[in-house]
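One structure below.
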């Protein structure tokens, strides 16, 4: 059939085709033939090759060669000159060896000065120190080469042939260092067929390379093509190259463009395919891409539905697509959060002016123009700071996610957190949530046996700005004691009281009011004061310390609800009289309970258009385009996703939002994005239970309730308050999960925790995890996994399948008879270069995704990928648990944090984000992973056996290749568990020597099911890491099954 196809192409060699542009980037005169010398089934010689190019109208050649071509160099040059073919570039060794000298001599005697294309270092390098050494080594190697080229009038071009050397940022670093020492005849050549990892961030990569780019070689492109046998395909047969061509055209770059052979077929046939494909694509590349942002076709509340503006650079961090190992702190400095409208409040750690940090802070905007703010400690129920001016100031380091914000304007007053080491005897306090209303924010809490609603407000007065705490206090049988405000330290204080009748403005009820002013002055020029309006207080007590003081109020028991306004002020001493007059004349403000009757929607609905991924493999990845360019400049670092029974998706973002996404169908043509909630504390997990949305913040689990069904949350209900909130920058609380019994789970540096279904209690199940950002729970709750991050006492990435009271190493060894190594063994280790930072684990529902049904998936946050986890069930003892991971054909725009399956369509929805040490190309993503039904080209089962292992595949295997031990390659190594950051690879046979041991495969036997292979591997004892590469044919002659898996042997089976 192949021969027949070749003949048909040859018969059509002289058929007239639609023409390429006469001039410009894609003109025939600008095209360069590449990879047609060794890659040609016709084995053409110099004259035949030059004649072929002349016949095709291609008059430029980049010459690649092998050792057998060296004697014909001069004949090649002569033939090219005869047919008018320019020698544009020459493949060149990475050093001045004998072959290099032969090329230089040929060029000199023929008076040629082509580009010299050079590559080196095809292996990856994640270690920043080693990478820096390799870059410097490349500079040393290339300097004399560039000098030799300069003598001929030639330049050197760095060729992106995979590995560390092929990464654009590394090539730029090499070029810049060369130029810094006076070597200027150096640039780079970019190859599509070596850039599958950068399809989604090609535009960003092009911006980096463009000042140095001397040539570019085209190829048909599909995602993961280099992993699925589609690395080299003709132009026009992929689904990604058009977007890349458009980006290239839009950039204004106008250098030579290569079309490649690079296959074992007839080079003329292959070049003809490339010309035909480019002929079809070139006119389209000159047209702008259709915007992914659909026009709004319907209106939301009050007609406020609009498309998200089309800004192609929106949502792209400056590290977009940069190799994680090359990133540094400066790359993660990003102050865009400062420009965001975060909403009416923000929960966070809060750095106060005295240097202390509030753990469970809640900052609330005040005033009609929101030019004042108050900060509450929601753990203690106290006011801690009041300021005017800007709301909050965010630290740009690490996108604002590592250091707490600070008050953004001048401080009016602060209150200390305690008077002494002895606990203050105030009524028990329990935070219950936040109401968002048209008139402002209302806090909901329990004080003693009373329900309390509090609406903070700003009053602009002649004495200066005043914080008003408007309280509605429910009936209570016991006295209530609480801290009203803070005051200045000092001995000069006075208390003035005046009682008069007043009227509650909200009810018209005549009240016996009391106004009280308490002031103290430490320097003679500044005073603080408290005014009380409402029902009389039993007592008011000032407590002082060397850091300041607090004012404590006690209320009498009451069978009826009470109203109280507290006016908190600090200002010049000479303004005290004005404040006193204010307090004795003003009435009560709005009743907080009445404000709840008027919730109001705040955010517009935005519309985007999604994109379906190509169904080229058994998994396809669709993109639900995020509204990156939104009116509020909200950052969309996706950190959790789940779906309600009506099909709506809810997505939380690390900077505090929850978005509701509707219009999700097969086409994704009209997605509606509604900002459902704002101001949450670094939410890193979201789950839907009984149709209600629960969000995991760093301070609590919040249940979001839309009480009036307007598409926005009105009540942020505190479901669980028991999280131990730290002020440490890395102490994130992540990954909300649940089981069939409705229990919730989360993980933080203190361990993995289970929260009871009613939210009233928690238990810590296991500890010893370093900065965990991922966990998973099988629906029955019997398998719980955690994935921490490499670092001290964590030598590499791993997935732990926890056991009760397990300890997994972070913090140093804890040796017991059952734990001789000082830590419990994880299910499996993963090389840091493969998974430098983990996301969550997700279970495929039973009956979904064919042979992957009921299995565990692992999200690769740092590498923006997906793996299948194969659990070994060989042993019965929990200590024998071990497993393997297999890469799956799915790539995401951002690091995947969480995934959830949608029972309506059987797909997995993934929320991802950028951050530090990630290859993400967008701030965040919401993407859908579909099972296409195509054959699964990966192992789906793994089990250790006596003297070897079983590897089960989804497809029947070709017996000849499956039974060939040469189809498999195994290497093994260990890591060192130590306080140092991470670990090198250490030999198993020579424990004190760096390196990996090759494991011989004695035999390979295909089992009777035709899908399972038994590999005999002698002496396969306990080892932390094994890499297994496989290359077998499918029994049906379809796509070969090639790939790599990594596994751990905790206990060999004997």
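None of the figures in this text is laboratory data; all of them are computed from the coordinates on show. Small disclaimer: the values here were computed from a predicted structure and weren't measured. Glycine gets a Cβ as well: all are built from the backbone with ideal geometry, and neighbour counts include every protein chain shown.
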The answer for the per residue Cα convex hull volume of the stretch 939-1049, in Å³, is 102
Measuring from the longest principal axis of the C-alpha atoms of the chain, the long axis of helix 73-82 (C-alpha) lies at a number of degrees, nearest 10, equal to 90
Scoring the chain by relative contact order with C-alpha pairs under 8 Å, at least six apart, yields a percentage of 7
quick note, the chain, DSSP beta bridge pairs, % antiparallel (nearest 5) is 90
When 867, 52 are ranked with the fewest other C-beta atoms within 10 Å first, the list becomes 52, 867
Relative contact order as a percentage, the stretch 939-1049, C-alpha pairs under 8 Å and 6+ apart, gives 31
Note to self: Kirkwood Rh of the chain, Cα pairs, one decimal, Å, is 32.4
Exposure proxy check on 264, 905: fewest-to-most Cβ neighbours within 10 Å is 264, 905
Helix 168-180 sits off the longest principal axis of the Cα atoms of the chain, rounded to the nearest 10 on a 0 to 90 degree scale, by 80
To the nearest 10 degrees, the tilt of helix 46-56 (Cα long axis) against the first principal axis of the alpha carbons of the chain is 60
Ordered by fewest other Cβ atoms within 10 Å, a rough proxy for footprinting exposure, 198, 487 read 198, 487
Here the gain from full extension of residue 136 to residue 357, 0.36 nm per residue of separation minus their alpha-carbon distance, amounts to 75.2 nm
Per the helix-only model, the chain has a calculated mean residue ellipticity at 222 nm (DSSP H runs of ≥4, -39500 (n - 2.57) each, divided over all residues, rounded to the nearest 500) of -4000 deg cm²/dmol
Taking alpha-carbon centroids only, the stretch 561-622 lies from the stretch 706-720 a number of Å equal to 14
Taking the alpha-carbon centre of each part, the distance from the stretch 729-803 to the stretch 679-697 in Å is 16
